[in-house]
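Novice: Below you will find the structure I want to go over with you.
The values are calculated or read from the model by the stated rules, or taken from the named source; none is laboratory data. These numbers come from a predicted model, not from an experiment. A quick note on method: Cβ atoms are made from the backbone with ideal geometry, for glycine too, and the neighbour counts reach across all protein chains shown. The protein model used for the area step is the full one, side chains on, heavy atoms only, and it has no ligands, DNA or RNA in it. Shrake-Rupley method; radii C 1.70, N 1.55, O 1.52, S 1.80 Å.
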Amino acid sequence: MRTTILRVSCCALLLATGTVVIAEPRDVHPGFTVSMAEPSTHYLHVVMRCPATRGRDLDLKMPSWTPGYYKIMDHARHVVGFRAEDGQGRSLAWEKTTKNTWRVRSRDVDSVRVSYDVYAFARSVADSYLDDSRAFLSPTGLFLHPAGQLRQPVTVTIEPAKGFARVSTGLEPVAGSPDTFQASDFDELYDCPVLVGNQEVLSFDVRGTPHRVSIVDRGRFDRDRLVEMLKRVVEAAVAVVDDVPYRHYDFLLLGEGMGGLEHRNSVAAFSKIPNLDDPKDYRGWLGFLAHEFFHLYNVKAIRPIALGPFDYDRENYTNLLWLSEGVTVYYEDLILNRAGFLPRDECLDRFREHILGYETKPGHRLQSAAQASRDVWLYFLRPGGDTANTTISYYDKGAALGLLLDLAIRHETTNRRSLDDVMRTLYDVYYKKERRGFTDDELRRVSETVAGAPLAEIFDVYASTTADIDYARYLAHAGLEIQLAPRKLAGASLGASTRELEGRLIVAGVTRDSAAARAGLSVDDEILAFGGVRVGAKALADELRAAAPGDKVRLLVARRDHVREVEVVLDPSLEPSFRIQPVAHPDALQSQTLDAWLPNVGGGAGHPSQ
Ligand SMILES: [Zn+2]
């Protein structure tokens, strides 16, 4: 049940004397109006009405980050033109007390009306955007909240720009009030982005619950087929936990661009409609949306204790993004397989890609999955420095850990239980019953209870350290083997990536412990010549292909104003494999495990083969 919100604008008091006195307008709960009268300026206008407490000033705060986007964004920097008044339009004094706190001198009034503009012109899923084609409202960067009072119901009225016909959002509409929505508290408001414009809206039902697909970039595609495909994916994702914890779900598809951000009953995703006749294209699209959709379980409901309720002022630390993100990557593949879109061999190939992504990063010797989770605030969307050599992706390692956990549980229970049981138990116990996130220990305890066996190697070693992973032993549970030895390629390796800049060949990255690193090559060096031959990117690649491991080559290198010659001893050129394939003669349990874990589906865009 959601709280019905009263928006009391004023009331008349009949005093004992019989005199009617018009009281000061009073709001019971915070309410917002967002308008966008001049889209070409990219400014959204926000009016907030908020009750005040006599004798106290009112601190209003803007979140510094957006859940799911683990980076301090300082949304307050886009707020301009802040004004404060009392309920009768009299100006109130205010001051900024921190970078994201506005203190309104409201001790003598019962309600406050503040207004401000928000510059909205960044195309990301965690920023607001406004132009003459659409408005995307990212609520954490738009709505202030009274400090310490996040648990209040809120209403939002949208005033679309002229020519904008529709409002799409996961927020609950207020009956009888067009374009007005309510949230049971600020956490819900901050988790419900809003798309305003002329988007096309398709829909389908799963388990009697409506799902809407709002598409910004209309085009020519088979709507029925697209909806049918997405519906199959949603059905497979819902079946993992076997519960629908929302009243409606909104896919907000924002057209070309990068990234998606999960929410409790919606997703905002930059996404082009795929070619429905190209399996690679539609599998990529469905996998992306399966990932974001499954997050409504894994991270929104099934969540580490640090990830909700949130502290919007500062970083919220967890060791478990490998579970929240990496295991969601793992499920993205499983869901596509279960929906009939991803054949077994393609699925195994995806697992290989995740393992490859982890194993080929030099940082896998330095950073554990738990550390990568905790340090996300240092690295998220912040390339540069030596991060390519010193960090890993918790997406890749987490997907590998999900695979290990699933196979370990299946093995320990002779295939009677799986990682699905862990997800369901976490959902039932911590989300539904205790209504909270879980600790690292609780995750381990649930996993070990489901497995009926200790899982120390996974939790104490693979998730918490940089120790080598014994993939072969776990994959053998499903009758699979993994090719660990790399393939030797022709030619030799320098161990440096390059980019061309105005005709110059610049070192973009130096792999740790490589030939280039041993020779003292540095990022930003310009390679003038290789073995006496002037080279660009293509010529360098040709030279390396013609060389042999152990060759000593003189490189002419410019570093700022100096030119120097260095000798490089080239490395073998190796192509890592990690190819996963079925063993020739699996035993009965191995076959049964593989069939139960990864059904051998056809993978077409028609109906699933099973
Ligand atoms: Zn994700």
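Novice: Residue check: is Ser577 open to solvent by less than 40 Å² (accessible area, probe 1.4 Å) and either closer than 30 Å to Glu346 by Cα or among the charged types (D, E, K, R) (or both)?
Specialist: yes
Novice: Next question. Sort out which residues of segment 236-256 are within 16 Å of the ligand (Cβ to nearest atom) and either small (Gly, Ala, Ser) or over 16 Å from Pro193 (Cα atoms) (or both), and write them in order of number.
Specialist: Ala237, Val240
Novice: Does any residue of segment 222-240 turn out to be closer than 23 Å to Gly163 by Cα and of a type outside the set (Lys, Arg)?
Specialist: Step one: list which residues in segment 222-240 are closer than 23 Å to Gly163 by Cα, which gives none.
No; the residues of segment 222-240 include none that is closer than 23 Å to Gly163 by Cα and of a type outside the set (Lys, Arg).
Novice: Take the residues of segment 239-258 that are over 16 Å from the mean Cα position of the chain (by Cα) and over 21 Å from Thr169 (Cβ atoms): which is most open to solvent (accessible area, probe 1.4 Å)?
Specialist: Only one residue fits best here, namely Glu256.
Novice: Condition (residue is within 16 Å of the ligand (Cβ to nearest atom), crowded, with 22+ Cβ neighbours inside 10 Å and not polar (S, T, N, Q)) applied to segment 212-229: is it met by at least one residue?
Specialist: No.
Novice: For segment 108-135, which positions are assigned to a strand (DSSP E or B), under 19 Å from Pro63 (Cα atoms) and either of a type in the set (S, T, N, Q) or open to solvent by less than 10 Å² (accessible area, probe 1.4 Å) (or both)?
Specialist: Val114, Ser115, Tyr116, Val118
Novice: If a residue must be within 19 Å of Phe578 (Cβ to Cβ), within 22 Å of the chain's Cα centre (by Cα) and either of a type in the set (Ser, Thr, Tyr) or surrounded by fewer than 15 Cβ atoms within 10 Å (Cβ to Cβ) (or both), how many such residues does segment 354-388 contain?
Specialist: Count: 1.
Novice: Something else about it: Give segment 259-279 a look and list any residue that's open to solvent by 10 Å² or more (accessible area, probe 1.4 Å) and of a type in the set (Asp, Glu), or say none.
Specialist: Of everything in segment 259-279, those that are open to solvent by 10 Å² or more (accessible area, probe 1.4 Å) and of a type in the set (Asp, Glu) turn out to be Asp277, Asp278.
Novice: If we keep just the residues of segment 530-540 that are assigned to a helix (DSSP H, G or I) and free of Cβ contacts under 8 Å to residues at least 40 places away in the same chain, which is surrounded by the fewest Cβ atoms within 10 Å (Cβ to Cβ)?
Specialist: Lys538
Novice: Can you run down the residue pairs with Cβ atoms below 6 Å, 6 or more apart or on separate chains, where the first is in segment 163-183 and buried (at least 20 other Cβ atoms within 10 Å of the Cβ) and the partner is at pLDDT below 95?
Specialist: Sorted first by the residue in segment 163-183, then by its partner, the pairs are Gln182/Ile5.
Novice: Anything in segment 96-107 that is open to solvent by less than 70 Å² (accessible area, probe 1.4 Å) and assigned to a strand (DSSP E or B)? List them, or say none.
Specialist: Those that are open to solvent by less than 70 Å² (accessible area, probe 1.4 Å) and assigned to a strand (DSSP E or B): Thr97, Thr98, Thr101, Trp102, Val104.
Conditions (1) open to solvent by less than 60 Å² (accessible area, probe 1.4 Å); (2) in contact with an Asp or Glu (Cβ under 8 Å, 6 or more places away or on another chain); (3) in a strand (DSSP E or B); (4) at pLDDT 95 or above, marked per residue:
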position: Leu528; (1), (2), (3), (4): yes, no, yes, yes
position: Leu544; (1), (2), (3), (4): yes, no, no, yes
position: Leu555; (1), (2), (3), (4): yes, yes, yes, yes
position: Gln581; (1), (2), (3), (4): yes, yes, yes, yes
position: Gln590; (1), (2), (3), (4): yes, no, no, yes
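Novice: Specify the residue that is farthest from Phe186 (Cα to Cα); the eligible residues are those in segment 313-342 that are open to solvent by 20 Å² or more (accessible area, probe 1.4 Å) and part of a loop (DSSP other than H, G, I, E, B).
Specialist: It comes out as Asn319.
Novice: I want to confirm something. Restricting to segment 283-305 and keeping residues that are among the aromatic types (Phe, Trp, Tyr) and more than 11 Å from the ligand (Cβ to nearest atom), which single residue is least open to solvent (accessible area, probe 1.4 Å)?
Specialist: From segment 283-305, those among the aromatic types (Phe, Trp, Tyr) are 285, 288, 293-294, 297; that's our starting set.
Checking which are more than 11 Å from the ligand (Cβ to nearest atom) leaves us with 285, 297.
Details: Trp285: 17, Tyr297: 0 Å².
Per the criteria, the residue is Tyr297.
Novice: Moving on. Among the residues of segment 80-100, write down those that are over 18 Å from Phe32 (Cβ atoms) and within 39 Å of the chain's Cα centre (by Cα).
Specialist: Glu95, Lys96, Thr97, Thr98, Lys99, listed by residue number.
Novice: Let me ask something additional. So, Ser271, is that one away from the ligand (no atom under 13 Å from the Cβ), without any contact (Cβ under 8 Å) to a residue 24 or more places away in the chain and in contact with a Leu (Cβ under 9 Å, 6 or more places away or on another chain) or not?
Specialist: Yes; evaluated as a whole, the condition is true for this residue.
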